[in-house]
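K.L.:
My questions will all concern the structure given below.
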Amino acid sequence: MAPKFKPDTPKRMGLVFTGVLLVAGTTFYIAKRNIAEKRRLDLEEHRASQARAQASETSASKGDSRQHTI
């Protein structure tokens, strides 16, 4: 014999709502963490490229000053 099933009981609706909130919250947390990690990596890459550009600019200006003083 199949168990009696009442789909619209308040307890069941509360459990479903709680489950939906848990799934949505977990999804939001994971997405937020992934976005933060991606932004951190992009910022590190940007800072590294800025440092390389500044280093090459500095070395180029030093090379130019040597040529002018000779």
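K.L.:
Is it fair to say E57 is charged (D, E, K, R) and modelled with pLDDT of 95 or more? Even if it seems obvious, please write down each step before you answer.
P.N.:
Numbers: charged (D, E, K, R): yes; modelled with pLDDT of 95 or more: no.
No, not satisfied.
K.L.:
Does at least one position in the stretch 23-45 carry a residue that is surrounded by 10 or more Cβ atoms within 10 Å (Cβ to Cβ) and at pLDDT below 90?
P.N.:
So far as the stretch 23-45 goes, no, none of its residues is surrounded by 10 or more Cβ atoms within 10 Å (Cβ to Cβ) and at pLDDT below 90.
The values are calculated or read from the model by the stated rules, or taken from the named source; none is laboratory data. Note that the structure is predicted; figures quoted are calculated from it, not measured. Heads up, the Cβs are rebuilt from the backbone with ideal geometry, glycines too, and the neighbour counts pull from every protein chain shown.
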